[in-house]
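Structure, as structure tokens:
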Amino acid sequence: MLRDLLGTVAEVPEIARAIDAIPTGVTGYDQWGFSPEQSKLLYSLGYRAYRYFRPVIEGIENVPSGRVLIVPNHSGQLPFDGLVVAVACLLQAQPPRLVRPMAERWFPTLPFLNVALSRAGVVTGDPLTCRNLLEAENAILVFPEGARGSGKVWSHRYRLVDFGRGFMRLALQTGSRIVPVSVVGAEESIISLTDVKPLARFLHTPYFPISPFLPLLGPLAYVPLPTRFYVTFGEPMRFEGPFDDEDEAIDAKVRVVKDRVQSMIDEGLAKRPGVF
Amino acid sequence: MPAKVALITGIAGGLARDVGRELQLRGFGVVGVDYRPTTRPLDYPATVYQANYNKTKVEDIFRRHQPSHVLHLGRVGNLKEQAGKRFDLNVVGSQKVMDLAVRYGARRLVVLSTFHIYGAHPQNHIPIGEDDPLRAGGDFPQIADAIQLDNLALHWVYRHPEVRTVLLRPSNVVGAHLHNAISGFLRQRVIPVMLGFDPMVQFIHADDLCDAVLTVTEHDAVGVFNVTGVGALPWREAVAIAGGRALPLPSSLAAAYLAVAGRFAPALPPYLVNFFKHPCIISDAALRAAFDWEPRIEQAEAVRRTVTDTRA
């Protein structure tokens, strides 16, 4: 099905080389639906979006080999931040890393997208799935803010919402390191003045953003602006303690990661030369 | 009379027939039972009875043959059978067979269940382990008899340790000589697929399942175990390998299509439509660890072998 849909997408040689260089151990498909061959086409498509945002990547050498949770802030209404982080790990990390992004639990119900994203390595945000992948020494891309983060309105831009605890419990359970990541620039790519919750409920979406350009551009207001993304990978963090500890104990550890990501965002904002 | 006697239910089906042949070669006396007539005579020495599993005739068979090993492979997967009859055979009948295994001192009981009881759900773990919830009942109550059979056998594992019970939950069982729903479905010229969905699916070839059944039969470990073939592949790829033409349908229409097509050709029951929309991927790690057994046949090969002999 994907070959039919993506038949016209030209494979980017750089992408194909990077995927070929990763010892996935997968010949056809893994049990989650990832296909090294089909992911070359999908990442080639993603590469075009990556180029569109002209990202400036810093600290990619902080992505270690072996099991790791990559934890960025989430913003921009659509998950272009995840796409840019994933392509950066593939193209800039030495050796290339293929991240397994964790998606919302309703992602398997999205027609077509569920197939495409699965072939590219996306998995449902399920703790057992994530644990299996970490124990197989994969890199997991997880947004602890979830949809509440990506759906932030303009007045809350670059202010992290509460992080979930799941990623920390998984890190403790599997002995995985956490790489904090800041993404600056995604907030301005699609601006949301407000979230029309009743409309979101009606459409079964997590939020329904209203763009300031809506009166002028209509649906085109949701085409992302070509803002420049500044992505910084922080030094890996390691936490010790029981994974099934009381919520308060886990929260304290989560707060350390959240504060680290927030300070990286603040630094990124202070030093970026401009939005575009 | 041989020291080891295996009573096998479902002997009219391809899998039970294969298992019986192998056991006979390994020195077992083989007694076959099926509620259906065994239209093709067995090509090896065995005593075959036609009997409903819930009738007293089954008791006579146990009394006469005193089986040391009971292999209850005869779950009625033929969903064209009426629900009442399926309940009688799969629940009341299974209880009788398992009860008789205890009463007549069998030392090994192997029960074949199905992975369908886990259900195909967007929130399933991947892979599903034996302790995971059985979601199918919520999606389609028609599976209730299979869930009850599975639960009964699970009780037997712990309530009757003297029988050394093993419960197997296989993925889609396919094979050239099998006439079950999924094998027949793969042999269709036109096979519906869900528009916008292409879940990973798992098959186990009958040869691998036969081998697994033989291994657990002659082993001592007890418990419930998933069993599947090597790897997994997307449903559309399975359709392509089978040589069928994929007919993309929205899921709402797919159930209607299956209901209509089922009247004219082998088709899956409409309520299994979710298995072609969401994944139900099982882990066989526990079986591999307990029995030092592993499947040999890759998914693509399993599908190919299922259609090759019949489509030519």
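The values are calculated or read from the model by the stated rules, or taken from the named source; none is laboratory data. Please read all numbers here as calculations on a predicted model, not as lab measurements. For neighbour counting, all protein chains shown are included, and Cβ atoms are generated from backbone atoms with ideal geometry for every residue, glycine included. Calculation scope for accessible area: heavy atoms of the full protein, side chains included, ligands and nucleic acids excluded. Shrake-Rupley method; radii C 1.70, N 1.55, O 1.52, S 1.80 Å.
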Checklist entry - In the range A:54-90, which residues are within 24 Å of A:GLU137 (Cβ to Cβ) and acidic (Asp, Glu)? => result A:GLU61
Checklist outcome for this item: Going through the range B:228-256 in order, the residues found to be open to solvent by less than 10 Å² (accessible area, probe 1.4 Å) and over 19 Å from A:TYR29 (Cα atoms) are B:ALA254
Checklist entry - In this structure, is A:TYR50 of a type in the set (Phe, Trp, Tyr) and assigned to a loop (DSSP other than H, G, I, E, B)? => result no
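Okay, residues lined up against (1) touching a Lys or Arg at 6+ places or on another chain (Cβ under 9 Å); (2) open to solvent by 10 Å² or more (accessible area, probe 1.4 Å):
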residue: B:HIS179; (1), (2): no, yes
residue: B:VAL193; (1), (2): yes, no
residue: B:VAL213; (1), (2): no, no
residue: B:ASP220; (1), (2): yes, yes
Checklist entry - What number goes with the only condition from (1) open to solvent by 50 Å² or more (accessible area, probe 1.4 Å); (2) at pLDDT below 95 that A:PRO209 does not pass? => result (1)
Checklist entry - If you take just the helices (runs of 4 or more DSSP H) that sit entirely in the range B:231-299, which of them hold at least 1 residues that are in contact with a Leu (Cβ under 9 Å, 6 or more places away or on another chain) and at the interface with chain A (Cβ under 10 Å from one of its Cβ atoms)? => result B:251-261
Checklist outcome for this item: The lone condition A:SER65 fails out of (1) assigned to a loop (DSSP other than H, G, I, E, B); (2) buried (at least 24 other Cβ atoms within 10 Å of the Cβ) is (2)
Item to check | Residue check for A:PRO180: touching a residue at least 60 places away in the same chain (Cβ under 8 Å), outside any loop (DSSP other than H, G, I, E, B) and within 19 Å of A:ALA103 (Cα to Cα) | outcome: yes
Checklist entry - Of the conditions (1) at negative phi; (2) away from chain B (no Cβ under 14 Å), A:GLU137 fails just one. Which one is it? => result (1)
Checklist outcome for this item: Over the range B:257-297, the set of residues open to solvent by 50 Å² or more (accessible area, probe 1.4 Å), under 22 Å from B:PRO141 (Cβ atoms) and in contact (Cβ under 8 Å) with a residue 40 or more places away in the chain is B:TYR257
Next on the checklist: Given the condition more than 14 Å from chain B (Cβ to nearest Cβ), in contact with a helix residue (DSSP H, G or I) (Cβ under 9 Å, 6 or more places away or on another chain) and under 20 Å from A:LYS258 (Cβ atoms), answer yes or no: does some residue in the range A:211-218 qualify?
Outcome noted: no
Next on the checklist: Among the residues that make up the range B:74-89, is at least one of them touching a residue at least 24 places away in the same chain (Cβ under 8 Å) and either touching a His at 6+ places or on another chain (Cβ under 8 Å) or among the aromatic types (Phe, Trp, Tyr) (or both)?
Outcome noted: yes
Next on the checklist: Take the conditions open to solvent by 30 Å² or more (accessible area, probe 1.4 Å) and within 14 Å of another protein chain (Cβ to nearest Cβ) and apply them to A:ASN132. Does it pass?
Outcome noted: yes
Next on the checklist: Scan the range B:297-304 and tell me whether some residue there is within 30 Å of B:ALA83 (Cα to Cα) and either modelled with pLDDT of 85 or more or among the basic types (Lys, Arg) (or both).
Outcome noted: yes
Next on the checklist: What's the total number of residues in the range A:96-124 that are of a type outside the set (Lys, Arg), within 22 Å of A:LEU170 (Cα to Cα) and either surrounded by fewer than 22 Cβ atoms within 10 Å (Cβ to Cβ) or more than 10 Å from chain B (Cβ to nearest Cβ) (or both)?
Outcome noted: 10
Checklist entry - Hey, does the range A:169-191 have a residue that's open to solvent by less than 10 Å² (accessible area, probe 1.4 Å) and more than 27 Å from A:PRO236 (Cα to Cα)? => result yes
Checklist entry - Of all residues in the range B:302-312, which are touching a residue at least 12 places away in the same chain (Cβ under 8 Å) and over 19 Å from the mean Cα position of the chain (by Cα)? => result B:ARG304, B:THR308, B:ASP309, B:THR310, B:ARG311
Item to check | Residue under evaluation A:VAL71, criteria (1) buried (at least 21 other Cβ atoms within 10 Å of the Cβ); (2) more than 14 Å from chain B (Cβ to nearest Cβ); (3) touching a Ser or Thr at 6+ places or on another chain (Cβ under 8 Å), criterion not met | outcome: (3)
Item to check | Residues located in the range A:61-103, provided they are aliphatic (A, V, I, L, M) and over 15 Å from the mean Cα position of the chain (by Cα) | outcome: A:LEU91, A:ALA93
Item to check | Breaking point among (1) buried (at least 16 other Cβ atoms within 10 Å of the Cβ); (2) in a loop (DSSP other than H, G, I, E, B); (3) within 23 Å of the chain's Cα centre (by Cα), for A:ASP245 | outcome: (3)
Next on the checklist: Take the conditions away from chain A (no Cβ under 14 Å), within 28 Å of A:THR27 (Cβ to Cβ) and in contact (Cβ under 8 Å) with a residue 40 or more places away in the chain and apply them to B:LEU178. Does it pass?
Outcome noted: yes
Next on the checklist: Residues to consider are A:VAL261, A:VAL231; find the one that is under 26 Å from A:ARG54 (Cα atoms), outside any helix (DSSP H, G or I), open to solvent by less than 50 Å² (accessible area, probe 1.4 Å) and in contact with a strand residue (DSSP E or B) (Cβ under 7 Å, 6 or more places away or on another chain).
Outcome noted: A:VAL231
Item to check | Criterion violated by B:ARG108 - all others in (1) closer than 20 Å to B:ALA12 by Cβ; (2) under 19 Å from the mean Cα position of the chain (by Cα); (3) not small (Gly, Ala, Ser) satisfied | outcome: (1)
Next on the checklist: Being in contact with a Phe, Trp or Tyr (Cβ under 7 Å, 6 or more places away or on another chain), within 14 Å of chain B (Cβ to nearest Cβ) and buried (at least 21 other Cβ atoms within 10 Å of the Cβ) is the filter here; which residues of the range A:7-58 pass it?
Outcome noted: A:SER35
Checklist outcome for this item: In the range B:15-29, residues that are open to solvent by less than 10 Å² (accessible area, probe 1.4 Å) and in contact with a helix residue (DSSP H, G or I) (Cβ under 8 Å, 6 or more places away or on another chain) total 2
